[in-house]
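Participant: Have a look at the structure that comes next, please.
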Amino acid sequence: MLDIKDLSVHFGSLIAVNTLNMKVSENTIHSLIGPNGAGKTTVFNAIYNFVPYTGDILFKEKSLKHVPTHGLSQMGISRTFQNLSLFYSMTVEHNIALGLHPTAKSNIFKDISGVNIYSQKGIKEKIKSVAELVGLTQLLNAYPLFLPYGTQKLVELARALVNDPQLLLLDEPAAGLNSAEKDYFKKILLEVKKRGITILLVEHDMGVVMDISDLITVMNFGEKIAEGTPEEVSENPEVIQAYLGVE
Amino acid sequence: MKKITPIILLIIALFIPVFLRERPSLIYYINLSMIYAISAQGLNLLMGIAGQISLGHAAFMAIGGYTSAILVMSFHLPFIIALIGGILVACAFGVIIGFPALRLKGFYLAIATLALGNVVTDIIKRLKITGGDYGLRNIPPPSLFGFELQNNLSQFYLVLGCLLLVIFVTRNFIKSKSGMALQAMRDSETGARAVGINISNYKLLAFIVASAFAGLGGVLYAHSVTYLHPTNFGLGFSIDLLAITIIGGIGTLWGVVLGSFLWVLVRNLMGTGLEVLTGVLFGVILILVVLFLPRGLSEIFFRISNRFKSKEVQEK
């Protein structure tokens, strides 16, 4: 589904990602792990064209190199952020609704005649369904700023899911969550996978990664050092030395 | 109560000229307040809703006003055509300034818009058709369907109609798909791009709508004041519009109306002898608003209305 070919990202003389090759298969949870500064988030930012890069990134065999960031959602790619990017002046419902921006059809006449496209029945039902999936049904009228951090992460996840993506990029979704929230998050991600959505996950929490991943790619200093199932990766000596730690 | 309030306000507004028949100068200042409110509503949309900044908003008023006046005086076109022409030309300049805005943010955007204001007034000063440094005088009053709206009283209803239309459009626009996209862009540009919002298009849209409102304000100003001079639309006037928006309540629908009335009426009714005092007064108001009322003076009304609401809930 996602094919990263010889991806390199340079920030001046610093090589953030060095000729990375990886493939994310359909309907899997594929984790990208590595120590801080390994280049994991930079890979996400390259996919989203937030940073210039060399090499190529193919989604369903189409190059993403010249696709503007706002075009990715329509192609079926969604993401969440390490530092939340919610719309804090809006309710949870409106935050989720904006995930439907590319598909909700409107025009200038509807805009000035007061048609609120997001209050239409079909859209409301979609919001309700995704809110149910992540457990936000009771909080649709709340403002995210007043919600606990873990719940805010769920709002961002719901916003990313509402447009029925085919590929979901999650950047450290478990960071800052307590163990109960992490368990809940894992359950949701497995349910998301069941619905046919492919997940590319950047995560530091090895408990989360090992429990739900089908395949893991390990990065260090911008390079891929290992790839395999959770069992294979956890036994790889290079990974143990670079990331998991030697006992 | 929420639904009745605008109707009551509208009825009061419609009868204002009847009560003030003996004081046409006061009606003139009310008209001017409404014209400022129309223009400031554009700035409110640009800054309060879309999160962009402009220090050259008065330039769009100048463009609208001069275009309309020239179309009527030099090309003898009917007022309604001139009005549309003024708005369209202001929109076109909105696109021109909107393009650099796609790459600029914060201070840099402020400087770019400030420069636009200066360039526009400078060009107006040098053109023959705009009357150069002499300005345009004896601009005919607005006329609609063969009726010339010569006095302040008849112009009052035209300006009021335009203001209500602008408020209606703004209210609807904020709730619409585009309005929500602008608010998303203001809250988090990264988040907005990630959900598929084309930031460039929406920034341009914000500048176009803001320029359209300023252009309309400029057209009404030209035909109501009947005199245009480039210095009237310099940095000072842009700052006035900014202050009106902040004092009234940035991002609020009625705040700019409140701010405009306060700005124009208090300033002009205190007389020339007390001009220095009004400057100090507004300076103090501006500081107090920024410190204690982030949503401007309209926040006072929100607080009162919330208190009533909570009382009602308690009684239930």
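No lab work stands behind these numbers, since they all come straight from the coordinates. Computed from a predicted structure; not experimentally measured. No Cβ is skipped: glycine too gets one built from the backbone with ideal geometry, and neighbour counts run over all protein chains shown.
Participant: In what order do B:Met34, B:Met185 fall by count of nearby beta-carbon atoms within 10 Å, going from fewest to most?
Facilitator: B:Met185, B:Met34
Participant: Points 7 angstrom from Cα along the Cβ direction at B:Glu22 and B:Lys125: gap in nanometres?
Facilitator: Calculated label separation equals 4.5 nm.
Participant: Cut-off 15 Å, label point 7 angstrom out along Cα-to-Cβ of A:Ser113: give me the residues of the stretch B:164-180 whose amide nitrogen falls inside.
Facilitator: B:169, B:172-173, B:176-177
Participant: Rounded if a/c is under 1.5, else prolate if a/b beats b/c, else oblate: with a ≥ b ≥ c from the C-alpha gyration tensor eigenvalues square-rooted, which is the stretch B:1-118?
Facilitator: Judged from the Cα gyration tensor, the stretch B:1-118 comes out oblate (a/c at least 1.5, b/c at or above a/b).
Participant: On to the next question. I want to make sure I understand the PRE zone here: with the label point 7 angstrom from the Cα of B:Tyr157 toward its beta carbon, which residues in the stretch B:193-223 have backbone N atoms less than 14 Å away?
Facilitator: No residue qualifies, since no backbone N sits under 14 Å from the label point.
Participant: Still on this model: Can you give the FRET efficiency for B:Val290 and B:Phe145, using 1/(1 + (r/R0)^6), R0 = 56 Å, r = Cβ-Cβ distance, to the nearest 0.05?
Facilitator: Calculated value: 0.80.
Participant: Can you work out the FRET efficiency for the pair A:Thr137 and A:Lys105, with r the C-beta to C-beta distance and R0 = 22 Å, to the nearest 0.05?
Facilitator: That pair, A:Thr137 with A:Lys105, gives E of 0.25.
Participant: OK, next. Would you calculate, for the protein assembly as shown, the mean residue ellipticity at 222 nm contributed by helices, counting each DSSP H stretch of 4 or more residues as -39,500 (n - 2.57) and dividing by all residues, to the nearest 500?
Facilitator: Mean residue ellipticity, 222 nm, calculated: -17500 deg cm²/dmol.
Participant: Would you mind calculating the relative contact order of chain B from Cα pairs under 8 angstrom and at least 6 residues apart, reporting the percent as a whole number?
Facilitator: Across chain B, relative contact order equals 32 percent.
Participant: Working from Cα positions, state the angle (0 to 90°, nearest 10) between the long axis of helix A:149-161 and the longest principal axis of chain A.
Facilitator: 80
Participant: Would you mind giving the mean number of other chain beta-carbons within 10 Å of the Cβ of each residue in B:185-193, as a whole number?
Facilitator: 6
Participant: Right, next: Largest first and in whole Å, what are the equivalent-ellipsoid semi-axes of the protein assembly as shown based on the Cα gyration tensor, each being the root of 5 times an eigenvalue?
Facilitator: For the protein assembly as shown, the semi-axes come out at 54, 26, 20 Å.
Participant: Kindly provide log₁₀ I(q)/I(0) values, in the same order as q = 0.10, 0.20, 0.21, 0.24 Å⁻¹, from the Debye equation applied to equal alpha-carbon scatterers of the stretch A:139-247.
Facilitator: At q = 0.10, 0.20, 0.21, 0.24 Å⁻¹ the computed log10 ratios are -0.34, -1.12, -1.19, -1.39.
Participant: Pop a pseudo-label 7 angstrom from the Cα along the beta-carbon direction at both A:Ser13 and B:Thr190 and give the gap in nm to one decimal.
Facilitator: Each label point is offset 7 Å from its Cα along the Cβ direction, giving 2.7 nm.
Participant: Taking one equal scatterer on every alpha-carbon of chain A, how large is log10 of I(q)/I(0) by Debye at q = 0.11, 0.13 1/Å?
Facilitator: -0.60, -0.82
Participant: Could you identify which residue out of B:Gly215, B:Gly42, B:Gly131 has the top mean-square fluctuation in a GNM of chain B using Cα springs shorter than 10 Å?
Facilitator: Result for chain B, Cα springs under 10 Å: B:Gly131 fluctuates most.
Participant: So, R0 is 45 Å and r is the distance between the beta-carbons of A:Lys62 and A:Asp183; what FRET efficiency does that work out to, to 0.05?
Facilitator: My answer for the efficiency is 0.80.
Participant: For B:Leu10 and B:Arg137, calculate 0.36 nm times their separation in residues minus their Cα-Cα distance, and state this gained length in nm to one decimal.
Facilitator: 42.4 nm
Participant: What order do you get for B:Glu22, B:Glu189, A:Glu227 when you list them from fewest to most C-beta neighbours inside 10 Å?
Facilitator: Final ranking by Cβ density, sparse to dense: B:Glu22, B:Glu189, A:Glu227.
Participant: What is the order of A:Ile96, B:Ile139, A:Ile112, B:Ile35, fewest Cβ neighbours within 10 Å to most?
Facilitator: Ranking A:Ile96, B:Ile139, A:Ile112, B:Ile35 by Cβ neighbours within 10 Å, fewest first, gives A:Ile112, B:Ile139, B:Ile35, A:Ile96.
Participant: Still on this structure, I have one more. Determine which residues of the stretch A:36-61 fall in the zone a paramagnetic label at A:Asp3 would reach in this model, i.e. backbone nitrogen under 19 Å from the point 7 Å along Cα→Cβ.
Facilitator: A:47-48, A:54-61
Participant: Within 10 Å of each Cβ of A:103-116, how many other protein chain Cβ atoms are there on average?
Facilitator: Mean inter-chain Cβ contacts per residue within 10 Å come to 5.
Participant: Also, quick follow-up: Residues of A:92-99, mean number of Cβ from any other protein chain within 10 Å of their own Cβ, rounded to a whole number?
Facilitator: That works out to 3 on average.
Participant: I've got another one for you. Could you work out how far apart the two model spin labels at B:Leu88 and A:Glu238 are, taking each label as a point 7 Å from the Cα in the direction of the beta carbon, and quote it in nm?
Facilitator: Here the modelled spin labels are 6.6 nm apart.
Participant: Name the residue, out of A:Phe81, A:Phe146, A:Phe221, whose mean-square fluctuation peaks in a Gaussian network model built on chain A with Cα pairs under 10 Å.
Facilitator: A:Phe146
Participant: Of the residues B:Lys203, B:Lys175, B:Lys125, which exhibits the maximal mean-square fluctuation in a Gaussian network model of chain B defined by a 10 Å Cα contact cut-off?
Facilitator: B:Lys175
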